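Colleague: Sharing a structure, written as structure tokens. Questions coming.
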Amino acid sequence: MIKAILSNRIFKNFSILTGTNIFIQLISILTSIRLTRLLQPEGYGLYNLMMVEIGIFSIVAVYGLRLVIVRYVARNKSHSRYVFDVSNRIRLVTTLIAILCLVTYNLLINEVQFTSYMVFILSMCVFFQSSWDSIESIAFGNEKMAASGYINLLFTTLWVASIFIIPKANFNIEVLFTVFAVIQLLKTITFYLWFNWEIPRLKEPIDVDPGINYSFFIRQSNYYFILAIFSTIQSQIPVLLLNQNSTLEQVGVFNLGYRILSPLSMVLNTALVSLYPSLARLAFENKELFTKNIKILINLLAVIGIAACLCFTLFSEEVVLLMFGKAYLGSVKVILIQCWFTLLFGIFSTIGTVLSSFDRQRQLAVLSIVHGVLAIPVLYIGTKYGAIGLAWAFVISGCINMTYHWVIFSRLLSPYLNMGYSVKLFSLLAITAVFSLFVPFEFGIGVKFLAFVSIAIIAGSYIKKKVETMLKS
């Protein structure tokens, strides 16, 4: 059994990406500790505000091309170089538009005034992010994911080392982002060199359907771009609103939760990335097996998420105090609430992966618009109550939007996903969330540790059993 698991291609991709990303998250936490202590809440809030800008305008730069490319290349690997060339010409235009939008925003709208040099650095980061995504899309379509993990690990280690090498006298936002941009440039160049070596150009031109052209990719990417825009409106724009309606300190407190929770989000994203190429094929070949694997994936997500949330509940104050100091103790409740939204977001991501596997990108885009329209008022109101208000707003809007998402999802997988399963799943989530958020955990460290070990053993045994079942299929 162990030999079969280790030789499984999906498991290899998942294990390499997960292993490298877990290590990346662990050493990145070291970075956060130094950043939070040297920059203090307000400076750390400014740092996160700039990172949010890079993320938002990178959405425009990549224009929803990623999933379209991964899915197409997964089904037509010999077309990899052709798709790379076509998609890069599209990206050149969208990236220039993204940079123009970034500059305009900082000149005319942003209340926090950045220097011209910092706007240039932010623009370069967006360009490097788009370039990296271009290469990674082709690599993942070919199910060659190891290089991405290893290169990310190498340059994240370099970034962390740089944070600790920079003298305190020179420790400021300009120096930090200059170093960050240089590392992103070197990382992208390294990945491109690997790409040219691993996926060389064919000596003979391939026979590609004339319909597979710019219009083909743009037309399908439109839906994913709409999805990305409305996802960004829900996830990143509220941080900008939090800065306007509250303070930079509250931005720092809110984003601290994302840093602590990033390992949990990373495991989920890695699993979906690793599975997506095979799911895109299986969706049309064997719907029953496809649904079986999706149910196992959701069960794993629920167990891992609940276990992680309960474990953080046990040691939340100790973790924040040890890592970030007394100045951030106010973030404990915020982070705990964010834990449960991260689990909800994982279910949304799984639903999105399933719809994408069935080529339902149009429906996915419509759902994202409805989701955004319902969530924005709730999130806006939440920003008026600081970081904890925004955290609760995310959970409330997530619960509201999960209702119709799950109905559409279960109907798509009917008759293999029934009402009984849905009731059991959400009852378990609701009971454990209420227990975690509203029951005080004033126990001694010995009792907490015993509870932690018990949760880990139960969750670990279940995960091992379900993973073996999925790989057997």
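Colleague: Looking at (1) open to solvent by 30 Å² or more (accessible area, probe 1.4 Å); (2) of a type outside the set (S, T, N, Q); (3) in contact with a Gly (Cβ under 9 Å, 6 or more places away or on another chain), find the lone condition where Tyr328 falls short.
Modeller: (1)
Colleague: Still on this structure, I have one more. Quickly run through region 402-422 and pick out the residues that are touching a residue at least 40 places away in the same chain (Cβ under 8 Å) and either open to solvent by 50 Å² or more (accessible area, probe 1.4 Å) or part of a helix (DSSP H, G or I) (or both).
Modeller: Matches in region 402-422: Met402, His405, Trp406, Ile408, Phe409, Leu412, Tyr416, Tyr421.
Colleague: In the list Ile97, Ile24, which residue meets the criterion of being within 25 Å of Ile121 (Cβ to Cβ), within 24 Å of the chain's Cα centre (by Cα), assigned by the TED database to the domain that holds Val126 and modelled with pLDDT of 90 or more?
Modeller: Only one candidate qualifies: Ile97.
Colleague: Can Lys144 be described as open to solvent by less than 50 Å² (accessible area, probe 1.4 Å) and either on the phi > 0 side of the Ramachandran plot or of a type in the set (Lys, Arg) (or both)?
Modeller: no
Colleague: Does region 356-378 hold any residues that are closer than 14 Å to Ile408 by Cα and in a helix (DSSP H, G or I), and which are they?
Modeller: Once the filter is applied, which keeps residues that are closer than 14 Å to Ile408 by Cα and in a helix (DSSP H, G or I), region 356-378 yields Ser356, Gln361, Arg362, Gln363, Leu364, Ala365, Val366, Leu367, Ser368, Val370, His371.
Colleague: Restricting attention to region 331-348, does a residue exist that is surrounded by fewer than 22 Cβ atoms within 10 Å (Cβ to Cβ) and of a type in the set (Gly, Ala, Ser)?
Modeller: no
Colleague: Checking Leu158 against (1) within 23 Å of the chain's Cα centre (by Cα); (2) in contact (Cβ under 8 Å) with a residue 60 or more places away in the chain, which single condition isn't satisfied?
Modeller: (2)
Colleague: Of all residues being of a type in the set (A, V, I, L, M, F, W, C) and farther than 18 Å from Phe230 by Cβ in region 349-396, which is surrounded by the fewest Cβ atoms within 10 Å (Cβ to Cβ)? Just the residue, please.
Modeller: By that ranking, first place goes to Ile381.
Colleague: With respect to Asn106, determine if the residue is over 21 Å from the mean Cα position of the chain (by Cα), more than 22 Å from Arg34 (Cβ to Cβ) and not in a helix (DSSP H, G or I).
Modeller: Criteria not met by Asn106.
Colleague: Could you tell me whether any residue of region 423-437 is among the small types (Gly, Ala, Ser) and either modelled with pLDDT under 85 or not assigned by the TED database to the domain that holds Lys333 (or both)?
Modeller: yes
The values are calculated or read from the model by the stated rules, or taken from the named source; none is laboratory data. Because the structure is predicted, anything quoted here is derived from the model rather than measured. Here Cβ is always computed from backbone atoms with ideal geometry, including for glycine, and neighbour counts include all displayed protein chains. Heavy atoms of the whole protein, side chains included, go into the accessibility calculation; ligands, DNA and RNA do not. Shrake-Rupley method; radii C 1.70, N 1.55, O 1.52, S 1.80 Å.
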